[in-house]
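The values are calculated or read from the model by the stated rules, or taken from the named source; none is laboratory data. This structure is a prediction, so every number in the text was calculated from the model and none was measured. Glycine also receives a Cβ, built like all others from the backbone with ideal geometry; neighbour counts cover every protein chain displayed. Heads up: the accessible areas ignore ligands, DNA and RNA and are worked out on the full protein's heavy atoms, side chains in. Shrake-Rupley method; radii C 1.70, N 1.55, O 1.52, S 1.80 Å.
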Amino acid sequence: DVRHNWVMNFTWELPFARNSTGATAVLLRGWQFSGIWTMRSGNPLTVFVQTNRSRSQWNPSRGPGIGQDRPDYAPGYGPDNAVLGRPEQWLDPAAFALQPAGTFGNTGRGDFIGPDLRTLDLSLSKIASWSRLGDGGRLEFRVEAFNVLNRANFGPPELRVFSGAEGQPPIATFGRITNTVTSARQIQLGLRVAF
């Protein structure tokens, strides 16, 4: 469930030198500018206790006998104030309490939303006919840039808050994001020959 997903693409034929001839026309006419802009809200997140504290031994996503439980909310916390939203601490460890043994925690499945995604990819291309390659012969020169704004689009955080042992503090890596889902800005040049 990605609540919001917006993708916009565009292509614009640049108006340079439309009425020119000679070398000016060869260099400046026929350029196209295009791009894809993507914006997406984060995915739902569920917080877990590492062991099967409820003793239910059930979790279809992990297999029989190795289920993971969900913790309780600590007093004063809920889905609205448990998210800090920082890469080093996306979720607040103080917002959770280890549920009593033999019970299910009261945090819900998908109660929290992870990091969003924003990316802009652009390209500039020029197509020129080349008669030496035949009637439909042409060359296409391209400059492409991915993640032009060089935005860090973070992956999901670590979601195991407690080991499940009585009296243990939250796991030190809980809520920490350690990866990105897109690469840093990349620029590439390309030449395509069609004949």
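Looking only at residues of the stretch 166-192 that are of a type in the set (Gly, Ala, Ser) and part of a loop (DSSP other than H, G, I, E, B), we find that the one that is modelled with the lowest pLDDT is Gly167. Here Ile177 passes the criteria (1) surrounded by 14 or more Cβ atoms within 10 Å (Cβ to Cβ); (2) at positive phi except the one numbered (2).
Selection of the stretch 140-149 for residues being over 12 Å from Ile36 (Cα atoms), touching a residue at least 40 places away in the same chain (Cβ under 8 Å) and either open to solvent by 50 Å² or more (accessible area, probe 1.4 Å) or of a type in the set (Phe, Trp, Tyr) (or both) yields Phe141, Arg142. Residues that are in contact (Cβ under 8 Å) with a residue 40 or more places away in the chain and either in contact with a His (Cβ under 8 Å, 6 or more places away or on another chain) or more than 18 Å from Pro100 (Cα to Cα) (or both) within the stretch 166-186 comprise Phe174, Gly175, Arg176, Ile177, Val181, Thr182, Arg185, Gln186, listed in sequence order. Among the residues of the stretch 125-138, the ones that are open to solvent by 50 Å² or more (accessible area, probe 1.4 Å), touching a residue at least 12 places away in the same chain (Cβ under 8 Å) and part of a strand (DSSP E or B) come to 2 in all. If you go through the stretch 1-38 and pick out every residue that is over 30 Å from Ile171 (Cα atoms) and open to solvent by 60 Å² or more (accessible area, probe 1.4 Å), you end up with 25.
Does Gly190 count as under 21 Å from the mean Cα position of the chain (by Cα) and touching a residue at least 24 places away in the same chain (Cβ under 8 Å)?
no
Taken over the stretch 80-124, residues that are small (Gly, Ala, Ser) and either surrounded by 14 or more Cβ atoms within 10 Å (Cβ to Cβ) or closer than 30 Å to Gln186 by Cβ (or both) amount to 8. For the stretch 43-59, the candidate set comprises residues that are surrounded by fewer than 17 Cβ atoms within 10 Å (Cβ to Cβ) and modelled with pLDDT of 90 or more; within that set, the residue that is farthest from Glu13 (Cα to Cα) is Thr46. Just one residue in the set Arg40, Arg62, Arg29 is at pLDDT 85 or above and basic (Lys, Arg); that residue is Arg40. Cβ-Cβ contacts under 7 Å between residues 6 or more apart (or on different chains), taken from a first residue in the stretch 150-165 that is assigned to a loop (DSSP other than H, G, I, E, B) to a second residue that is open to solvent by less than 50 Å² (accessible area, probe 1.4 Å) and charged (D, E, K, R), are listed as Gly164/Arg53.
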